[in-house]
1. Return only the number of the condition from (1) without any contact (Cβ under 8 Å) to a residue 24 or more places away in the chain; (2) under 25 Å from residue 467 (Cβ atoms); (3) surrounded by 16 or more Cβ atoms within 10 Å (Cβ to Cβ) that residue 190 does not satisfy.
2. Determine which member of the set 133, 87 is closer than 27 Å to residue 475 by Cα, at pLDDT below 95 and either exposed (fewer than 15 other Cβ atoms within 10 Å of the Cβ) or in contact with a helix residue (DSSP H, G or I) (Cβ under 6 Å, 6 or more places away or on another chain) (or both).
3. Given the structure, is residue 320 surrounded by fewer than 21 Cβ atoms within 10 Å (Cβ to Cβ), out of contact with any helix residue (DSSP H, G or I) (no Cβ under 8 Å at 6 or more places or on another chain) and without any contact (Cβ under 8 Å) to a residue 12 or more places away in the chain?
4. Taking the range 278-292, which residues are farther than 15 Å from residue 266 by Cα, within 26 Å of the chain's Cα centre (by Cα) and either without any contact (Cβ under 8 Å) to a residue 12 or more places away in the chain or not in a strand (DSSP E or B) (or both)?
5. Tell me, yes or no, whether the range 193-211 has at least one residue that is out of contact with any strand residue (DSSP E or B) (no Cβ under 9 Å at 6 or more places or on another chain), modelled with pLDDT under 95 and either on the phi > 0 side of the Ramachandran plot or part of a strand (DSSP E or B) (or both).
6. Going by what's in this entry, would residue 330 be described as closer than 28 Å to residue 359 by Cβ, out of contact with any helix residue (DSSP H, G or I) (no Cβ under 7 Å at 6 or more places or on another chain) and surrounded by 24 or more Cβ atoms within 10 Å (Cβ to Cβ)?
7. Suppose the filter is part of a strand (DSSP E or B) and in contact with a strand residue (DSSP E or B) (Cβ under 8 Å, 6 or more places away or on another chain); does residue 297 pass it?
8. Look at residue 229 and say whether it is surrounded by fewer than 19 Cβ atoms within 10 Å (Cβ to Cβ), touching a residue at least 40 places away in the same chain (Cβ under 8 Å) and more than 26 Å from residue 446 (Cβ to Cβ).
């Protein structure tokens, strides 16, 4: 049997989130584009929709660690990070959009060094295309190019098979290629990859579902490893993890049970969850497989912090609620592997109650900031009447509370959390940019991107400027983390 993931549909018509007013700027990149150089030792900042030239400084310290926010890279990406071990400090992110660069770490937040120029990071998502039949297609888009409804020029479709469907796009660790599943018109399923720039690169077949012994490539992950790993699906059940090199080759079996592989920073080992066992780790090079000490057998869906190795995971401790179907009431926990210490981050809880019933919540769709300083997750709200079945909140019940709300929480190097911050209502599938300065999520089936102030301590100070709403199409969310927006690594 598969270890299951919680997939929660957005309930009701989700409101569109405003993109802000048409002022001089929305972010610093508008200033760079419109005004050119800010002068020696200075960089543009967008303050109250006005361009202001400010002295260049290093990123502000976070309240938990007291150390500068690391630059964009993970260790595998070749960038440095300041830590207690005395490793070299990060590159200063000072080069603006369009500036000359040799590494992404020298580009300002939200930028990637491509063709020796700092350019906006891309996001990869699965778009839901409406037509005579609804079709999924894997696409990439620059995070700051919102486009307009029905404008295909805003996105690059990854698959060059115009008659099939594609989904589950995943970046390599260098941010130079994306893998995705493609189903041809004859229902042949294959795993393909395509390199940047997408306008000229041809797609490469890595393997077929038949060769991989699966019907689809679920729970797939690539960066920060050189290997692609996924859960094997057969006979209606997904369990067992397979992998192959990112350049293609022979598919190998890593485990015969378990799902949700999450690569460690070394790119060689991954954590995963196995039904009835809890969390385990697997090494590709040695083949060793071990139980993770600390979490109980009900722990699942582990995610590695690439900065310090701390894991976060979900655990319902066997508690379920009938919300249309039996739904595990998961909470979010952290594990410090050096001490096997488990800490509570956000728990399932009762929010309010009266004589007629209770408003309750549980946690889903958790994720790390690559800098290791923040976590984000969805708190799912539902109403449990004193008699009858529970229902998800939809804004018209639960005192106006929506069913899916994104929260952000600070977290220190040991896995200890701060206070959760309600970030976006009617929203799901949060995803941090690799430098930790942007949070993407989906609301109203639209991709949203919010710039962050990592030192912020509440919803007002954590958000830096208005949210940017992508209007070019609808983003698929029906399969939870499989459809989470994925940022281009840098």
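The values are calculated or read from the model by the stated rules, or taken from the named source; none is laboratory data. Here the structure is a predicted model, which is why all the values come from computation and not from measurement. Don't worry about glycine lacking a Cβ; one is built from the backbone with ideal geometry, like all the others, and counts go over all protein chains shown.
1. Result: residue 190 passes all but (2).
2. Numbers: 87 fails: closer than 27 Å to residue 475 by Cα.
Checking each option against the conditions leaves just 133.
3. Details: surrounded by fewer than 21 Cβ atoms within 10 Å (Cβ to Cβ): yes; out of contact with any helix residue (DSSP H, G or I) (no Cβ under 8 Å at 6 or more places or on another chain): yes; without any contact (Cβ under 8 Å) to a residue 12 or more places away in the chain: yes.
Against the criterion (surrounded by fewer than 21 Cβ atoms within 10 Å (Cβ to Cβ), out of contact with any helix residue (DSSP H, G or I) (no Cβ under 8 Å at 6 or more places or on another chain) and without any contact (Cβ under 8 Å) to a residue 12 or more places away in the chain), residue 320 qualifies.
4. Scanning the range 278-292 gives a single hit, 292.
5. no
6. Yes; evaluated as a whole, the condition is true for this residue.
7. Against the criterion (part of a strand (DSSP E or B) and in contact with a strand residue (DSSP E or B) (Cβ under 8 Å, 6 or more places away or on another chain)), residue 297 does not qualify.
8. Values: surrounded by fewer than 19 Cβ atoms within 10 Å (Cβ to Cβ): no; touching a residue at least 40 places away in the same chain (Cβ under 8 Å): yes; more than 26 Å from residue 446 (Cβ to Cβ): yes.
It is false that residue 229 is surrounded by fewer than 19 Cβ atoms within 10 Å (Cβ to Cβ), touching a residue at least 40 places away in the same chain (Cβ under 8 Å) and more than 26 Å from residue 446 (Cβ to Cβ).
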